[in-house]
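Notes to accompany the following structure.
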Amino acid sequence: MKILTATAASIALAGFAFGGTVMPTTAEAATKVCDGPKVNWRFSFWGKRRAFTEGMEFVTKQVSDQTCGNFKIKLFYGEQLSKSKENLDSISVGAIDATSFCAAYHPGKNRPLNVLDLPFLPLSDFDVMRKVHDAVYKHPASVKALDKWNAVIYMSNILPQYEYMGRGKPPASVADFKGKRLRALGGMGRAAKAIGAVPTTMPASETYTALQRGTVDAIGFPFTYSFAAYKLDEVADWYTTNMSLGSVTCPTVFNKTAYNKIPAGYKKVLDEAIPGAYAAMKVGYAQKDKENLARWGKSKMKAIKIPESEMAQFRKIGGEPLWKAWVKENEGKIPAQELLDLVLKTAKQ
């Protein structure tokens, strides 16, 4: 197989328009492979196309372009191939070639990754989160955990910090969340319990109906794109703006058998698409924040800012104590303290 390498030392980002949004693309890619085998992969996504999926939208286009159409990854939305809670199982048996999954949906399956789901970690922005996620994904414990599912991690789907959006009387303080039924994943669920709330875990696709019917009082989601992507802003009365509860890790993974079968040139094309994929996500989130905040400012929904003194107390009881509890729970199962230290050290750097 002939691999053509461009002379440029770096990859320049240009823009292409999609649905009114300018997305980054690669102006000059490092590798071109046009004489490789025909490969067709199936990728399972839940929900519809949104900012969260723009990274893989970029990758699919880039991979096809750089292999002259010989390597194609088709994205299947709306759980056509596999339900969100079953994506790892589908990867394991080779029913799909690639997917994204959120570790918080099944905490016992990939314990090392759950360190990234802890509340109030010092992950200040997208770029810090990317570096921290990459560090955790490369840790031997994470690699070993995914290997049990015949999976290899490709990259992270970075999710912004979570806030709450709900119905009914708007909370004015942290104390007002006591007794509320909250969709709160992973460590954020633990933090919810710490303030007397009642956390529950449900797939994103079920949140609209749950909020509309009053099964839950509020939904914890990445701010702002997820609220709009799942149309919660159509039925909600309020949303918080400054809680920054944490996030969850939702990596993209490949079926290991399928990945090992593709030639080295295709693997290189995949690797070189990663920077552009992250850039596409950042652009997608920024665009949606601008659109959503402008629209919400004209809606009936009330924007809630919790007093900083109360948030400081919430972080005090819902942050480090829960990190330590997670480490203790996982002693002897995974190098939990080592993973937490890795997160904190990488974030600080």
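The values are calculated or read from the model by the stated rules, or taken from the named source; none is laboratory data. Here the structure is a predicted model, which means the values were calculated and not measured. Note: ideal-geometry Cβ built from the backbone for every residue, glycine included; neighbour counts use all protein chains shown.
Inside the range 34-58, residues that are buried (at least 22 other Cβ atoms within 10 Å of the Cβ) and either more than 14 Å from Pro251 (Cα to Cα) or of a type in the set (S, T, N, Q) (or both) make up a count of 4. Count of the range 149-183 residues, restricted to those that are without any contact (Cβ under 8 Å) to a residue 12 or more places away in the chain and within 30 Å of Ile73 (Cα to Cα), is 0. Here is the figure for the range 207-233: residues that are touching a Lys or Arg at 6+ places or on another chain (Cβ under 9 Å), surrounded by fewer than 17 Cβ atoms within 10 Å (Cβ to Cβ) and part of a helix (DSSP H, G or I) total 2. In the range 93-127, of all residues being crowded, with 17+ Cβ neighbours inside 10 Å and among the small types (Gly, Ala, Ser), the one that is farthest from the chain's Cα centre (by Cα) corresponds to Ala98. Among the criteria (1) farther than 26 Å from Met129 by Cβ; (2) part of a helix (DSSP H, G or I), the one Val283 does not fulfil is (1).
Condition check for Thr252 on (1) surrounded by 17 or more Cβ atoms within 10 Å (Cβ to Cβ); (2) part of a helix (DSSP H, G or I); (3) among the hydroxyl-bearing types (Ser, Thr, Tyr); (4) at pLDDT 95 or above: one failure, at (2). Taken together, Asp271, Asp341 contain a single residue that is closer than 30 Å to Gly94 by Cα, without any contact (Cβ under 8 Å) to a residue 24 or more places away in the chain and charged (D, E, K, R), which is Asp271.
If the condition is being closer than 23 Å to Trp296 by Cβ and of a type outside the set (Gly, Ala, Ser), then the range 165-180 contributes Met165, Arg167, Lys169, Pro170, Pro171, Val174, Asp176, Phe177, Lys180.
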